[in-house]
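Okay, so here's the structure we're looking at.
Derivation of every value follows stated rules applied to the coordinates shown; laboratory data play no part. Nothing here was measured: the structure is a model prediction, and the numbers come from that model. Neighbour counts run over all protein chains shown; Cβ positions are idealised from the backbone, glycine included.
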Amino acid sequence: MRRAAIRLNDSAALGAAFSSRHPSAWLLGGWLALTLLAACQPIESGAAAADELSPPAHIGQIQGRNARSPYEGHEVETQGVVTGNFVTGLGGFFLQDAAGASDRDPRTSDALFVVWPKGKEPRVRRGDRVKVSGRVVELGEPPYTLTSLEADSLSTLGRGGVEATPISEPPAHVRDWEALEGMWLRFTKPLIVTGHENLFEHGELRVAMGSRPWRGTDLHPPGAKAQAVAEDNLRRSLFIDDNKMGAKPRKVWYLDDAPNPGAPLRSGSLLHGVEGVLDSRFGGWRLQLTERPERIEQAPRPALPTLPDGLRLASVNLHNLFNGAGDGRRGFPTPRGAATADEFLRQRDKLVDLLVQARPDIVAFSEAENDGTDGLSAVDDLLAAVNKALSEHGDYASVAPGPIGGDVIRVDMAFRRGRVTPVGAPQTLSGESFDGNSRQPLAQTFRIGAEGPLLTVVANHLKSKSGCDRVAPDDTSNQDRGDLQGCWNGVRVAAARALDRWVKTDPTASGSDRVVLLGDFNSYTFEDPMRLLRSLGWRDPLPPSSKPDHHSFVYQGQAGNLDHALVSASVLPAVRTRYVWAVNSDENSAFDYRGAFPDGPWGASDHDPLILVLDPAKL
């Protein structure tokens, strides 16, 4: 039975590790965590001159009301109860005032971290009441520092009692977590899993209080409302951690079972009865668990629903599908994607399963290997496997005219011969907005059925938000401007404008104004490129909303839509449904082609496929 209380009868290297174990955890989106926190949380030193300070009577006095201790750099003596003995994994333990012994100031934390290396005597146990003396230090980098005591001496006084602090709601501001730093907390409501990119690397999960965090610019245009969403995400979000500094744990101890097909631990799963010590390291607030969660409520895997009849279009990100130039085992490793032929076969099998279930009549691919049309290309190889799986119904073919542009990846398109027929040659667009940045778009016109209407489909993949270090210092349109749109936004806007201008010239000479734009636009719903395209007349079959019911991508624990379908005004009346199949973005790496469970479509990519169904009679 879980206890509600504990009842009785070489610091420089450690400090560096606090901020450098895996900076990707919070700092890859960098400016967001640091800018908002720096704006909300004081980071000035609280240290005072020695003659201004009296010996502290409580740990809360050592902590002080600011992010940094007023006793920083000073020698102090204090006592309390060990609530988290993490000497083996973290090089220290957390010490909290015994029940009834705090300074009773809700603005100060009643606990701190004590640096006490593994093997140093005396050894401590959780529940020990100890007296320690040493120098107060702030470990880590602002704004996420941890008030700590570099202990010179320690003596055990017996056993003590500490009550876990119940937490039912997140603090009003992210800075208010500071008043709970180092304290033993128990969450009375479930925490929702929001990301698991470091689960197998560092034994940690992203979680949030309340609902799932959503990208601010997927709900609102860049500005105050989007920033408010981002700040709200930060105040509600934490990591839960396994109390270890090392990488690649053999087992994540706080999970009764490792993720498996029966319990996949998808994002959206709920952790009930979570308790641990609030820690501040590696660039974020985290809970060092003291017990396993009482119960894990698994988020279900959604089956592809029965979709209405009609012409089925899809956007599918292939997650860097490279087949070794069709050269079998001799062709690996490749610039991206699978490192071995066996990995490639698992990756291909997962994508085949996804495509066989989705069964699109026309599919726009992104992140395909930019290779030839000799039957050995990555896409041709994939389609051959799909056709084999479909037996007599296997009639998929590619339209790509060989390599497109100078990137190692390209867009491509495939179609079902029995359902649609290409009309004319595929066309692509080069130029400054695409060469070396966004991938060149690919347009193809199709006739629906034997004598049906013409429809032009354009596959797209705009420049990602990565590679910010390559933006020139004077390139203000592409620098990360702190508006939540990331870097290279200028390139994406220019590409969207060029795309619109090009498509409206009827590049395939179809004579039809029926057009669908599909793909990975690397822009959330209310970011500049998508707002520009809608302002130029392109219609979203599901009008953008501040309360979306779907997402296609998850990054740093926040859900949003990077994958879009936009249609010309003449196509909009024909839209029967638009559906995002959550088969990929909520899965953890145990289910991708490199994981322990590569069977099935789950985790075939990091983007979810988008499916659009049109009524040909209304085109």
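Give the distance, in whole Å, between the Cα centre of region 87-112 and the Cα centre of region 416-441. Cα centroid to Cα centroid, the span is 61 Å.
Among the trypsin sites (Lys or Arg not before Pro) in region 297-360, those located in a DSSP loop and surrounded by at most 16 other Cβ atoms within 10 Å of their own Cβ are Arg336.
For region 204-267, applying the loop criterion from DSSP together with a ceiling of 10 other beta carbons within 10 Å to the trypsin sites (Lys or Arg not before Pro) yields Arg250, Lys251. Peptides 569-576, 471-478, 446-453, 84-91 ranked from most to least packed, by the mean per-residue count of other Cβ atoms within 10 Å: 84-91, 569-576, 446-453, 471-478. Computed over every Cα-Cα pair of region 182-297 and binned at 10 Å starting from 0, the pair-distance distribution P(r) comes out as 14, 44, 31, 11, 1 percent. Applying the Karplus relation 6.51 cos²θ - 1.76 cosθ + 1.60 with θ = phi - 60° to region 85-95 yields 3J(HN,Hα) values of 8, 10, 4, 5, x, 10, x, x, 9, 9, 10 Hz, where x marks Gly and Pro. Based on the Cβ-Cβ distance from Asp176 to Asp309, what FRET efficiency comes out when R0 is 56 Å, to the nearest 0.05? The formula returns an efficiency of 0.55 here. Using only alpha-carbon positions in the chain, the gyration tensor eigenvalues give semi-axes of 53, 25, 21 Å once each is multiplied by 5 and square-rooted (largest first).
One Cα centroid belongs to region 467-489, the other to region 113-173; the line between them spans 41 Å. 3J(HN,Hα) couplings calculated from phi for region 492-501 with the Karplus curve 6.51 cos²θ - 1.76 cosθ + 1.60 (θ = phi - 60°) are, in sequence order, 5, 5, 4, 5, 4, 5, 5, 4, 4, 4 Hz; Gly and Pro show x.
Here the contact order of region 158-259, divided by its residue count and restricted to Cα pairs under 8 Å and six or more residues apart, works out to 27 percent. Of all lysines in the structure, the ones whose alpha carbon falls short of 29 Å from that of Lys388, not counting any fewer than 8 places away in one chain, are Lys350.
Fully extending the segment from Arg539 to Glu392 would add 49.2 nm, taking 0.36 nm per residue of separation and subtracting the current Cα-Cα distance.
Under 5 Å from the amide H of Thr188 lie the amide H atoms of Ile167, Ser168, each residue being 5 or more positions distant or on a separate chain, with H modelled from the backbone and absent for Pro and chain starts.
In order along region 138-152, the phi-based Karplus estimate (6.51 cos²θ - 1.76 cosθ + 1.60, θ = phi - 60°) of 3J(HN,Hα) comes to 10, 8, x, 10, x, x, 9, 9, 10, 5, 9, 10, 7, 6, 8 Hz; Gly and Pro are listed as x. Take each peptide in 428-436, 93-101, count the other Cβ atoms within 10 Å of every residue, and average; sorted highest first, the result is 93-101, 428-436. Take the Cβ atoms of Asp599 and Arg159, set R0 to 45 Å, and the FRET efficiency comes out at 0.35. Between the amide H of Arg576 and those of Val613, Leu614, Asp615, distances stay under 5 Å, these residues lying 5 or more places away or on another chain, with hydrogens modeled in the peptide plane. On the basis of the beta-carbon distance and an R0 of 35 Å, Lys189 and Leu572 show a calculated FRET efficiency of 0.25.
Between Asp469 and Lys618, the contour length at 0.36 nm per residue exceeds the alpha carbon distance by 48.8 nm. Start at zero, step by 10 Å, and the Cα-Cα distances of region 268-317 spread as 18, 26, 21, 17, 15, 3 percent across the bins.
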